[in-house]
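Participant: Please read through the structure below; I'll follow up with questions.
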Amino acid sequence: MLKNAPFTSIYDHKGKTEFLLISQVYNLKIRIECKWQQVSGSVDEKLPYLYLNTIEAMPEDSIMILIDGDGWKPGAIKWLKEAVSHKKYQSGRAQNKEILVFNLTEFFTWANKRFIH
């Protein structure tokens, strides 16, 4: 598990993601981006930027966006999940990426299925 894993953003500047999980045992290399919105604000307006970075700038083929909290604007998380599931903005190499969007409960379910036998 690497913390603050670097990448070069779509703006060609240094970016960091919270975690990069690499495991030979589980055949896993996944970048994990964490977003929490406690109260209303403008963070959710950055979701399209985050999404474009996942498909265009982050080098891994598996990326998880862990997103939770009660402060997101109505429709923000829905938009992100639809963009990922329909691949509506993806082209070329990005179409081969696995991008997961989970809240905390969904993350624990994924982790239990993936790591607990």
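Participant: Among the residues of the stretch 52-70, is there at least one that is over 25 Å from residue 10 (Cα atoms) and either surrounded by 12 or more Cβ atoms within 10 Å (Cβ to Cβ) or modelled with pLDDT under 95 (or both)? Don't jump to the end; show me each part of the working.
Facilitator: Step one: filter the stretch 52-70 for residues over 25 Å from residue 10 (Cα atoms), giving 69-70.
Adding the requirement that they be either surrounded by 12 or more Cβ atoms within 10 Å (Cβ to Cβ) or modelled with pLDDT under 95 (or both) leaves 69-70.
Yes, the stretch 52-70 has at least one match.
Participant: Could you tell me which numbered condition residue 84 fails, if it satisfies all but one of (1) under 11 Å from the mean Cα position of the chain (by Cα); (2) modelled with pLDDT of 90 or more?
Facilitator: (2)
Participant: Looking at 29, 35, 16, can you tell me which residue is in contact with a strand residue (DSSP E or B) (Cβ under 9 Å, 6 or more places away or on another chain), of a type outside the set (A, V, I, L, M), surrounded by 16 or more Cβ atoms within 10 Å (Cβ to Cβ) and assigned to a strand (DSSP E or B)?
Facilitator: Details: 29 fails: surrounded by 16 or more Cβ atoms within 10 Å (Cβ to Cβ); 16 fails: surrounded by 16 or more Cβ atoms within 10 Å (Cβ to Cβ).
Among 29, 35, 16, only 35 is in contact with a strand residue (DSSP E or B) (Cβ under 9 Å, 6 or more places away or on another chain), of a type outside the set (A, V, I, L, M), surrounded by 16 or more Cβ atoms within 10 Å (Cβ to Cβ) and assigned to a strand (DSSP E or B).
Participant: Taking residue 32 as the residue in question, decide whether it is more than 25 Å from residue 105 (Cβ to Cβ) and of a type in the set (A, V, I, L, M).
Facilitator: no
Participant: Before we move on, is residue 106 touching a helix residue (DSSP H, G or I) at 6+ places or on another chain (Cβ under 9 Å) and surrounded by fewer than 18 Cβ atoms within 10 Å (Cβ to Cβ)? Let's see the steps before the verdict.
Facilitator: On the way: touching a helix residue (DSSP H, G or I) at 6+ places or on another chain (Cβ under 9 Å): no; surrounded by fewer than 18 Cβ atoms within 10 Å (Cβ to Cβ): yes.
Against the criterion (touching a helix residue (DSSP H, G or I) at 6+ places or on another chain (Cβ under 9 Å) and surrounded by fewer than 18 Cβ atoms within 10 Å (Cβ to Cβ)), residue 106 does not qualify.
Participant: Just to be sure I understand the filter: pairs with C-beta atoms under 9 Å, separated by 6 or more residues or on different chains, first member in the stretch 53-71 and over 15 Å from residue 19 (Cα atoms) and without any contact (Cβ under 8 Å) to a residue 60 or more places away in the chain, second member of a type in the set (Lys, Arg) and assigned to a strand (DSSP E or B). Which pairs pass?
Facilitator: Between residues of the stretch 53-71 that are over 15 Å from residue 19 (Cα atoms) and without any contact (Cβ under 8 Å) to a residue 60 or more places away in the chain and residues that are of a type in the set (Lys, Arg) and assigned to a strand (DSSP E or B), the close pairs are 68/35; 69/35.
The values are calculated or read from the model by the stated rules, or taken from the named source; none is laboratory data. Just so you know, these numbers come straight off a predicted model, no measurement behind them. In this analysis, Cβ positions are derived from the backbone assuming ideal geometry, glycine residues included, and neighbour counts consider all displayed protein chains.
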